[in-house]
Structures are given as C-alpha cells and as structure tokens.
Amino acid sequence: MSVQIPATMRAAVLRDVSRGLEIEEIRTPRPRTGEVLVKTSACGLCHSDLHVIAGAIAFPLPCVLGHEVAGEIVEVGPGNEHTGLAVGQRVAGAFLMPCGQCPACAEGRDDLCGPFFDLNRLQGKLYDGETRLFDQDGSPIAMYSMGGLAQYCVIPSTSVTPLPDSVDPVAGAILGCAAMTAYGAVRRGADLRHGESVAVVATGGVGSNIIQVCRAFGAKQIIAIDVDDDKLAATRALGATDVVNSTKQDVHEAVFGLTGGRGVDVAFEALGRPQTWTSALDALRDGGRMVPIGLGAGVQTAEVEINRTVRRSQSILGSYGARTRQDLPEVVRLAAEGTIRYQDIVTRRFALDEVAEGYDLLRQGKVQGRGVADMSL
C-alpha cells in the first residue's frame, strides 16, 4: 500500500512562552528504524503540556507538544518486521514511549525507561539522539513525546497499538495518556483489589478515567473529590458513588463520614498540587495507599505528616503512566468493549488553529474531562 506523504505539514509550535503556541508549516517527519509515521486524527490536550507552555517545566524550544494521539499509519520504518504494524492501520499512540532495550525496559518497567526520560523528556529527541521535527530551513524542533499537535507524527513502534474500527478515531486519542495513566495508577500503582474503597482527588481527564477503571476493578465505593460541582456531577455517570466539593466541605470529615469513620483504602491524586496531595492523604485510612499521578509545575513539594504516616503504616506510591507495551493494548480493549467510556470523557473538540484557546480554557479549569485537537476540523 502506498500513501502520498506531503513534504510539509501544519503544527502547533512553541517558540517563546510569552507568545504561546503558534501554527506553522514545518517539514513532515519521516520514521527511522523501529518507528512509524502516523497521520494524526486527533491529539488530547493534557495538563502536562500546560506546564511546558507556561515555562514551569524546562523543555527545549522551539518544540511541538501533544503526547496522546490517534491516527493512521502512513509509513513504516525499517526494523518493524516482527511488530505486526502496517500502513493503513488505525492506532493509538502512548505518551510514554519505551526504548525497549534499556535495563528497565528489559524488566518490563516501561514506565522507568531511561532513554525516554534522558533523551525525550529532557532533550526533546528520540533514541538515536535526534529529533524528527525540523523547520523548513532544516533547524531542529524538539518533540514532547511524539509531538502530536501536528498533522503527522513519528512514534516508536513500542508505543502504538492498533485500534479496532469500533473505536472513535478522535475521542480515542485520549487512550494513550488519560486512560492509560489511569489504568497504570489503578492496576500498577495501587494494585486495587475487588471490594476496596477509593477516593479520587481532581476529576479531570485522568481522574475521570481512574473512576471508570476503579469501577471495572470492582471498587465498592468511589468518592470523587473536586472543587467544581459540575465536574463532580459528571463523575456519578462514570461510577462515583459519592462526591465531595473540597471548597465547601472538610475532606477528612466528609470522607470519614462516608466510610463509617474509617477512610478509604486507596486515595488517588491526579493534579500534582500540594493542596490535592493533602486532600488525598486526609482521605486515607490506617494502612491505606496514596497514589499520586499528577505532575507539579516545576519543582514542587507537598507536606506529609511523618508520625501519622509511620504509625498508621500508610504508603505513598508514585505512578507515572503505565507499562506501555502491556497496558496500552488492554486499555484499548477496555475502551472497545465499553468498560472505559472514553467518548464521555471528551467534552470539547478544537481545531488545530484553536489549540492555544483550548489550553487557556484548560488552565482556567473550564474543560470538563478532556479536550482534544480534532485534525478534521
């Protein structure tokens, strides 16, 4: 199968944090060994991007952001003989792109892949030490994951999974971060057991998916905690049994009141702020597990009451993404069968020209669930 690939494409480029994202025409990337080129159907707008846009997380500029995508493979690089990937396949791409060869990857710990953090997250490159994105004059442009806020993106084959025809090619973009991160937090971070109780602090794209995955794993009580009544109301349809508005109620009193004075077995924190860390710990029972998922802006710290944590045998278990090669296929399966209602999470669709506005609304807390850049608009 042969697909016509244009020499240039449109992309949202960040050159200066004072100017924000600007739509430009840049060279269309091409895949190298162990990579595929995907024509992007949609890219999710995530809080992690916001930190780079605002300059709160250091990242090389210029860059293209966007790290959860869906699309169609239009070119397969060399070294893909055993991947089963082919031109014409619809796929989801995961933000956490394991190299597949480092010691962590050899142990199946894709979430700890050294080259991903050292090369991609710090330098905006792929694993041969080079980016795939360039200005029309050949100047390099850094990639945040695959740089999905563009009409085309190069993704390592380790981090794409075929999508069945039943999965929406636009809303399905969120499977590679919002849904996969939620699955990793519940399955890997918390190791949630059937019949346990949970609290989910911050119910945006990731938090909403955590609620659904906890329901699928058999949590008996799911308490959603947020500052927005509309967001909290929406969580009930996803599986929340109770809701707490932390601006109107004391989280500790409310959660302990809802759990018969015990607290929850697992508290998930999905925003990365000191206040939400406190809320998660305040909801926790003796012997409970707090699982933080949200990334803070820059170097942030959160207070932990030492004596309570020690005496009450509480655990704090950080969870970053998931084990992409094992977990993304499972997330896609759960979405295809309707267990993860990913389409309900996507409440806003923006054209590529509108992504700066979309991130601004996200920063203001005005996007319920997840917004996506829909490349067909």
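The values are calculated or read from the model by the stated rules, or taken from the named source; none is laboratory data. Quick caveat, the model's predicted, so the values are computed rather than measured. Methodologically, a virtual Cβ is constructed for each residue, glycine included, from the backbone with ideal geometry; neighbour enumeration extends over all protein chains shown. Ligands, DNA and RNA are excluded from the accessible area calculation, which covers all protein heavy atoms including side chains. Shrake-Rupley method; radii C 1.70, N 1.55, O 1.52, S 1.80 Å.
Among the listed residues LEU14, LEU21, identify the single one that is open to solvent by less than 10 Å² (accessible area, probe 1.4 Å), modelled with pLDDT of 95 or more and either of a type in the set (Ser, Thr, Tyr) or assigned by the TED database to the domain that holds GLN136 (or both). When all the criteria are applied, what remains is LEU14. Put simply, of GLY66, GLY44 the only residue that is at pLDDT 95 or above, within 30 Å of GLU357 (Cβ to Cβ) and assigned to a strand (DSSP E or B) is GLY44. For the range 8-22, the condition of being within 26 Å of GLN89 (Cα to Cα), in contact (Cβ under 8 Å) with a residue 12 or more places away in the chain, more than 24 Å from the chain's Cα centre (by Cα) and not in a helix (DSSP H, G or I) holds for at least one residue. Filtering ALA56, ALA104 for residues that are modelled with pLDDT of 95 or more and not acidic (Asp, Glu) leaves a single hit, ALA104. Filtered by the rule that a residue be hydrophobic (A, V, I, L, M, F, W, C), farther than 18 Å from VAL346 by Cα and open to solvent by less than 60 Å² (accessible area, probe 1.4 Å), the range 227-250 gives VAL243, VAL244.
Candidates in the range 149-180 are the residues that are of a type in the set (S, T, N, Q) and open to solvent by 10 Å² or more (accessible area, probe 1.4 Å); of these, the one that is farthest from PRO62 (Cα to Cα) is SER166. Which of the residues that make up the range 270-287 are part of a loop (DSSP other than H, G, I, E, B) and either open to solvent by 70 Å² or more (accessible area, probe 1.4 Å) or in the same structural domain as HIS51 (by the TED database) (or both)? Within the range 270-287, just ARG273 meets the criteria.
Filtering the range 24-47 to residues that are of a type in the set (Gly, Ala, Ser) and either at positive phi or open to solvent by less than 20 Å² (accessible area, probe 1.4 Å) (or both) leaves GLY34, ALA42, GLY44.
Checking the stated criteria, VAL200 turns out to be buried (at least 24 other Cβ atoms within 10 Å of the Cβ) and either touching a strand residue (DSSP E or B) at 6+ places or on another chain (Cβ under 8 Å) or at pLDDT 95 or above (or both). Within the range 94-137, being of a type in the set (Gly, Ala, Ser) and either touching a strand residue (DSSP E or B) at 6+ places or on another chain (Cβ under 8 Å) or not assigned by the TED database to the domain that holds ASP353 (or both) holds for ALA94, GLY100, GLY124.
Among the helices (runs of 4 or more DSSP H) confined to the range 288-346, the ones with at least 3 residues that are at pLDDT 95 or above are located at 324-336. Looking across the range 304-335 at every residue that is touching a Ser or Thr at 6+ places or on another chain (Cβ under 7 Å) and open to solvent by 20 Å² or more (accessible area, probe 1.4 Å), the one that is nearest to TYR183 (Cα to Cα) is identified as PRO329. Can you find a residue that is β-branched (Val, Ile, Thr), loosely packed, with under 15 Cβ neighbours inside 10 Å, assigned by the TED database to the domain that holds GLY20 and over 22 Å from the mean Cα position of the chain (by Cα) anywhere in the range 81-89? The answer is yes; a qualifying residue exists.
Within the group ILE141, ILE155, which residue is under 17 Å from ARG10 (Cβ atoms) and either outside any loop (DSSP other than H, G, I, E, B) or among the polar types (S, T, N, Q) (or both)? From the options ILE141, ILE155, the qualifying one is ILE141. Would you be able to tell me the number of residues in the range 209-226 that are part of a helix (DSSP H, G or I) and open to solvent by 10 Å² or more (accessible area, probe 1.4 Å)? Summing the residues that are part of a helix (DSSP H, G or I) and open to solvent by 10 Å² or more (accessible area, probe 1.4 Å) in the range 209-226 gives 2.
For the range 347-377, the set of residues classified as crowded, with 21+ Cβ neighbours inside 10 Å and assigned to a loop (DSSP other than H, G, I, E, B) consists of VAL367, GLY369, MET375, listed by residue number.
The set of residues in the range 308-349 that are over 15 Å from SER166 (Cα atoms), in contact with a Leu (Cβ under 7 Å, 6 or more places away or on another chain) and among the β-branched types (Val, Ile, Thr) contains only THR324. Taking first residues from the range 95-106 that are farther than 29 Å from ALA42 by Cα and partners that are surrounded by 24 or more Cβ atoms within 10 Å (Cβ to Cβ), the Cβ contacts under 7 Å between residues at least 6 apart in sequence or on separate chains come to CYS102/CYS113; ALA104/CYS113.
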